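Taking it in order: structure first as structure tokens, then the write-up.
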């Protein structure tokens, strides 16, 4: 998980500080991390040197839900020193505070996701893709240098995700080899 110091957290329904305090006090309430557009690039920068798959999803998006198990398996399969999965729910803020944690806990308890801290979902996605057409799920493979190397819009299989990520890893390894 990314240190909370990297994120300027915001919630209209309850403060993230309250969420963290409840988690530390032994409450069953899960800690939640909200991410705003201004936070996204610093969040990704915290993974510099790795290939990062950014997954924008929502509880109301059928293809998003369908690909979550594939993304979980991919995260478990790949070396965490070389790969990171950053999932961000684009559910509306008012719903995200209660719906997303409950959804994750009941359907995919091993899924880790940030919550949308913006009133407009496109503000987050446009940090990576200024021409995002609104297609969900929206996935972006980020190279170790921080550049978007592959865009995957709509639902994809584990094999498609793995090929995109491994391709980015191979390009990085080839570049390192030529630098020697």
Practice problem: Can you pull the one-decimal nm distance between simple spin-label points at residue 73 and residue 106, each 7 Å off the Cα toward Cβ? | Solution: 2.5 nm
Quiz item: In whole angstrom, how far apart do the alpha carbon centroids of region 97-138 and region 54-96 sit?
Solution: 8 Å
Quiz prompt | Spin-label pair residue 119/residue 158, simplified geometry with 7 Å Cα→Cβ offset, distance in nm | solution = 4.2 nm
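Please report, in whole Å³, the volume per residue of the convex hull around the C-alpha atoms of region 76-135. All intermediate terms of the calculation are to be shown ahead of the outcome.
Working: hull volume 6.9 nm³, N = 60.
So the per-residue hull volume is 115 Å³.
Please give the peptides 61-68, 75-82, 136-143 ranked by average Cβ packing (other Cβ atoms within 10 Å per residue), highest first, as a rough proxy for protection. Walk me through the numbers on the way to the answer.
Details: 61-68: 17.5, 75-82: 12.5, 136-143: 22.5.
Ranking, from highest mean packing down: 136-143, 61-68, 75-82.
Every number here is computed from the coordinates shown, using simple stated rules; none is lab data. Values in this document were obtained by computation on a predicted structure and should not be read as measured data. Positions of Cβ are backbone-derived with ideal geometry, glycine not excepted, and every protein chain shown enters the neighbour counts.
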